[in-house]
Amino acid sequence: MASGWAKDGAVQEQIDSTVEDGINEARQRLQQRGPSLEFCEACEAPIPQARREAVPGVRLCIDCQAEADRNDTHRAGYNRRGSKDSQLR
């Protein structure tokens, strides 16, 4: 339910746009990685075959990837296109 000057469905459009941006970012990161590694590049633990097949170009074991995801500050956390500041420019 949109209110004020927003058109109907504006909130859902913001949500869809944010999800789409996240998917596109993840796809770009996967395409840059190349072949999967057999051993984690951070801790040298073996990467299971199932993980290598599920995630093409995987470079980290599950534990190291979880830590990297926690430390990833690249994501803004919200859709900037929907913020008031971006609408004023």
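The values are calculated or read from the model by the stated rules, or taken from the named source; none is laboratory data. Computed from a prediction, not measured in an experiment: that's the story for all the values here. For neighbour counting, all protein chains shown are included, and Cβ atoms are generated from backbone atoms with ideal geometry for every residue, glycine included.
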Open item on the list: Could you check the range 13-27 and list, in sequence order, the residues that are modelled with pLDDT of 80 or more and surrounded by fewer than 11 Cβ atoms within 10 Å (Cβ to Cβ)?
Closed with: ILE23, ASN24
Open item on the list: Can you report the number of residues in the range 28-41 which are at pLDDT 95 or above and surrounded by 14 or more Cβ atoms within 10 Å (Cβ to Cβ)?
Closed with: 1
TODO: Being part of a helix (DSSP H, G or I) and small (Gly, Ala, Ser) is the filter here, so list the residues in the range 33-56 that pass it.
DONE: ALA50, ALA54
- [ ] State all residues of the range 57-88 that are at pLDDT below 75 and assigned to a helix (DSSP H, G or I); if no residue qualifies, say none.
- [x] ARG80, ARG81, GLY82, LYS84, ASP85, SER86, GLN87, LEU88
